[in-house]
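Novice: My questions all concern the structure below.
Please treat every number below as a calculation from the coordinates, not as lab data. Please read these numbers as outputs of a predicted model, since none were measured by experiment. We place every Cβ from the backbone using ideal geometry, glycine too, and count neighbours over all the protein chains shown.
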Amino acid sequence: MTALLEQNKYFYNHRFIEISYELQKISNIVIFSQNSEQNSIILCEQTIYVLVYLKRDPMKTLSRITLLLLLAITTNLQAAKTFCGELDAWDQFGPFDYRTASKENLEIVESQHFNQNIRNLIRGEDAFLGDDISYTLVRFPNHYPALQAIVKLSLREKDIRPLSAHYSVECFFDRAMRFRPGDGIVRMLYGSYLLKLKGRAEDALVQYQEAVRLQPENANINYNIGLLYLKKKNYEKSVTYAKKAYGLGFPLPGLRNRLKRVGKWDGILEEKVDEEIDESADQDSQG
């Protein structure tokens with residue numbers, strides 16, 4: 001009898017954990033599904049999965065609680081944002097500001113959880129990539145390379161919350177912005193991510209504009225908002241930010257070349273200009 005009880009206890013605990021995990025995925029999708037057809041589809045699929053799962057589950061009380069949670073999540077997006085978690089690290093190591101963190105603290109985390117294999121999305125260190133990158137971002141919420149890595153992993157897996165990641169990509173940015181509201185690079189990286197999502201260009205522009213407001217003398221930020229205005233064919237603003245970026249010492253000529261190509265750089269029109277290598281915020285953005 002004792003063995004049977006223990007077996008049932010393990011079964012129910014396991015099911016509870018699985019359902020809780022799926023619910024958290026739903027909540028993260030709900031928070032950021034506005035203006036995104038792809039995320040809305042994912043939300044529907046995930047909801048159906050959980051409901052089917054619950055139908056098979058004999059735990060009626062848990063089923064009722066779960067359905068109430070689903071209702072609460074879909075009707076109260078502000079409350080759902082708490083799923084992005086508190087900023088304090090569970091082991092009290094961190095959080096630290098990536099810009100000012102000591103080399104010792106960075107080495108402790110990066111040597112095990114953000115080495116070259118993880119940074120390049122090759123393999124995790126005794127864990128999934130999502131888990132290692134999450135560990136790094138919990139300790140350093142505004143860790144620029146780790147934010148870029150979780151974005152790339154999300155796009156590669158075609159999932160807003162990569163396998164074994166503690167939060168969705170947008171939750172990680174939410175945490176970084178709450179941690180250091182004045183960090184313009186975080187806003188720029190967030191905008192770069194939003195540009196890669198269908199129907200989020202205007203949201204991206206908002207983030208770039210906030211990045212410029214926070215750090216108006218940052219060459220990288222000025223360059224990237226100049227690129228965005230070029231894509232929107234707002235050439236006047238694109239030229240303004242491009243000249244600001246180059247005046248601050250930005251080294252890559254891609255934006256200037258593109259403006260020349262359409263005759264918007266001091267009236268110069270060049271039909272053949274060598275194509276720039278990737279000039280987006282996906283470079284090392286610590287500048």
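Novice: How far apart, in nm, are two points set 7 Å out from the Cα along the Cα-to-Cβ line at E107 and at R156?
Specialist: Between E107 and R156, the label points sit 2.8 nm apart.
Novice: Let me ask another. Largest first and to the nearest Å, give the Cα extent of the range 185-261 along each principal axis.
Specialist: 28, 26, 18
Novice: How far apart, in nm, are the 7 Å Cα→Cβ label points at N117 and K196?
Specialist: About 2.3 nm separates the two model spin labels.
Novice: Order of C84, C171 from fewest to most other C-beta atoms within 10 Å?
Specialist: With the fewest neighbours first, C84, C171 line up as C84, C171.
Novice: Next question. By counting other Cβ atoms within 10 Å of each Cβ, how are Y235, Y135 ranked from fewest to most?
Specialist: Sorted ascending by nearby Cβ count, the order is Y235, Y135.
Novice: Go through the range 220-255 and name the trypsin sites (Lys or Arg not before Pro) that are in a DSSP coil and have 13 or fewer other Cβ atoms within 10 Å of their Cβ.
Specialist: Here the sparse-neighbourhood loop sites are K232, K233.
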